[in-house]
Amino acid sequence: MKPSISRKGFIVANVLILSLLSLITAYPILYVLFASLSNPADFMAHQGLLLKPAGFSLEAYKLVLENRMITGGYLNTIIIVVSGVTINLFMTSLGAYFLSCKDVLWRNTIMMIIVFTMFFSGGLVPYYLTVKSLHLDNTLLALIIPTAVNTFNLILMRTSFMNMPEEIVESSTLDGASHLTILFKIFLPLSLPVVAVMVLFYGVGHWNAWFNAMLFIRDRDLYPLQLVLRDILVQNNTEAMLVGSDSFDKGLVAETIKYAVIIVATIPILTLYPFLQKYFVKGMMIGALKG
Amino acid sequence: MSVHVRETMRSKVRKDWLKNYSLYLIVLPVLLYYIIFHYLPIYGAIIAFKDYVPTKGIWGSPWVGLKHFQEFFDSYYFWRILKNTLVISLTSLVFGFPAPIILALLINEVKSRFFSRFVQTVTYMPHFISLVVVCGLIIDFTRDTGIVNSIIGPFGGDKVTMLNNPDYFVPIYVSSEIWQEIGWGSIIYLAAMGSIDPRQYEAATIDGAGRWKQTLHVTLPGIASTIIILLILKIGGILSVGYEKIILLYNPAIYESSDVISTYVFRKGLQEFGWSFSSAVGLFNSVINFTLLVGANWLSKKINQSSLW
């Protein structure tokens, strides 16, 4: 059967629309990349879209990497991501394992207690007071413990555990393996795709989080990267960035430095997610369609 | 009889505990987490009915009944933030909800696997960029000297910092949200399309249905239940426009169009220390959200048996 003319027309239009959408999606990031590599004076003189860097200079990157606030924020964020994701994975597997077990009397009750929190919350102020009353404020723990389990991720992992063949549990129990052994020695190694999705979701969540840090962290030395970024990008506070810059006119470098900061802060995730794409697409499928 | 029932219940609990106590120990940390970080704040929400004084604690502070709710309903801000919340969430529902469905339908028609992968990878990207960066870019691009102004400049119009004009806030908010989430939102629909039985398409082709007819009569019905579930969730969240993005974007000059319930709670509670008052506003919001969700779910169950629970 030959495709009709209108069918051909549609195919061409479809490709055009999707290409245009991809361009609109990607261009802002390309613009930031070009701007960050531009010579500040040329960049300031330039009007409109950039199709390549205006001039070329790595000065902005040099200043970003020498800046103690940025490097300190980077380090704090790495600490938060590594310890946070470890705790997330541990807690989420415990919960998912329990909720995937059959013949447990209170399982559905506990499931309801957990799912209810997705739809009803006490609100921002009581949450703030709770974290404060536990004396977690102004410590990095305030950014790790209160977000130890994400209910959506928990359900996703539970669904994956429920698909485990029952014989595995039965035969391991006969061999005298405890539940913890089954969970960490058998279930987790057998569900690496889901673990990868968890690492990505939780990791990105911690990497990009800023609100809890704004609420609970007062000490500038404890600022995670996103809070430093907020000072620079949203509150337009670039002065702190320019300490130690003599070679360029300070006002000019401030223009391109913003873009270099964005690239430095975003590159780790943008290079990571395409490799995990096939896992998280699958993960979203089991989590969303059956959950 | 009832004594007998209680007996069997008790022995059931006992037997379950003896058999499964190690499982309960496993779930204990998770349960504690939910109690401390989700249920304690729900309990703490009773300060909405009190005049909370930090030194007296939640329980020791005096009861004041519905005073704070009364004050909120009577205030000028009540109508403003209710209107803004509804405008923002209805606009993003009308434009933002269909967008990923349309994208998924278009991607589904692409024959080349490479091109389809490429479009998906690119459109997922903004989902992974932090809100701080996205909002920083929005602020930068819409400044009077920003890139948006320099593009539309030649077509007339004054160069203005768009985020200082209340009329521009909602379009900027909604369009940037679609930019960030359209690709991510399409994953679930693509997954639903992938699980449609190919024989349905074969049958439709034999019946002489073209691609358009197939989309209408096979693809759309195949993803209808997914659409409905997500719509229920959206409707349940219609009064919960998040504060994070708005706090990053707004400024006092545009409060009249950008201040929503959650940002109002944030300002009143955590910046002006009106603990009890803002808890009352937050609780009002939570209760309405929950009611809307239950209502939407009930309605959908009535109409076509799709529901969350």
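The values are calculated or read from the model by the stated rules, or taken from the named source; none is laboratory data. Quick caveat: nothing in here was measured; it's all calculated off a predicted structure. Positions of Cβ are generated from backbone atoms using ideal geometry, with glycine treated the same way; all protein chains shown enter the neighbour counts.
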*Where in the stretch B:197-263 are there helices (runs of 4 or more DSSP H), lying wholly inside it, with at least 3 residues that are farther than 30 Å from A:N236 by Cβ and under 26 Å from the mean Cα position of the chain (by Cα)?*
B:220-236
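Kindly provide the set of residues from the stretch A:97-111 that are within 9 Å of chain B (Cβ to nearest Cβ) and not basic (K, R), ordered by number.
A:Y97, A:F98, A:L99, A:C101, A:D103, A:V104, A:L105, A:W106, A:I110 - these are the residues of the stretch A:97-111 that are within 9 Å of chain B (Cβ to nearest Cβ) and not basic (K, R).
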*Tell me which of these B:R267 doesn't satisfy, since it passes every other one: (1) crowded, with 21+ Cβ neighbours inside 10 Å; (2) within 23 Å of A:Y127 (Cα to Cα).*
(1)
_Top-ranked residue of the stretch B:82-113 - restricted to ones that are modelled with pLDDT under 95 and within 14 Å of another protein chain (Cβ to nearest Cβ), ranked as nearest to B:Y243 (Cα to Cα)_ = B:N108
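Give the residues of the stretch B:211-230 that are surrounded by 14 or more Cβ atoms within 10 Å (Cβ to Cβ) and either touching a Gly at 6+ places or on another chain (Cβ under 8 Å) or within 14 Å of chain A (Cβ to nearest Cβ) (or both), sorted by residue number.
The answer is B:R211, B:Q214, B:T215, B:G222, B:I223, B:S225, B:T226, B:I227, B:I228, B:I229, B:L230.
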*Which residue, of B:S258, B:S279, is in contact with a helix residue (DSSP H, G or I) (Cβ under 9 Å, 6 or more places away or on another chain), more than 13 Å from chain A (Cβ to nearest Cβ) and surrounded by 19 or more Cβ atoms within 10 Å (Cβ to Cβ)?*
B:S258
*asked:* Looking only at residues that are at pLDDT 85 or above and out of contact with any Ser or Thr (no Cβ under 8 Å at 6 or more places or on another chain) in the stretch B:136-146, which one is surrounded by the most Cβ atoms within 10 Å (Cβ to Cβ)?
replied: B:G136
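Does B:S176 satisfy the condition of being within 14 Å of another protein chain (Cβ to nearest Cβ), surrounded by 18 or more Cβ atoms within 10 Å (Cβ to Cβ), under 23 Å from the mean Cα position of the chain (by Cα) and free of Cβ contacts under 8 Å to residues at least 24 places away in the same chain?
no
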_What's the number of the only condition in (1) surrounded by 12 or more Cβ atoms within 10 Å (Cβ to Cβ); (2) within 11 Å of chain A (Cβ to nearest Cβ); (3) touching a Ser or Thr at 6+ places or on another chain (Cβ under 9 Å) that B:L31 fails to meet?_
(3)
_Condition first: of a type in the set (V, I, T) and either buried (at least 21 other Cβ atoms within 10 Å of the Cβ) or closer than 14 Å to A:L20 by Cα (or both). Now tell me which residues in the stretch B:104-128 satisfy that._
B:I107, B:V119, B:V122, B:T123
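Please pick out the residue among A:V234, A:V204, A:V197 that is at pLDDT 80 or above, under 13 Å from the mean Cα position of the chain (by Cα) and within 28 Å of A:P126 (Cβ to Cβ).
A:V204
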*Residue satisfying condition, being under 30 Å from A:K278 (Cα atoms) and of a type outside the set (G, A, S), within set B:L231, B:L270, B:L239, B:L248*: B:L231
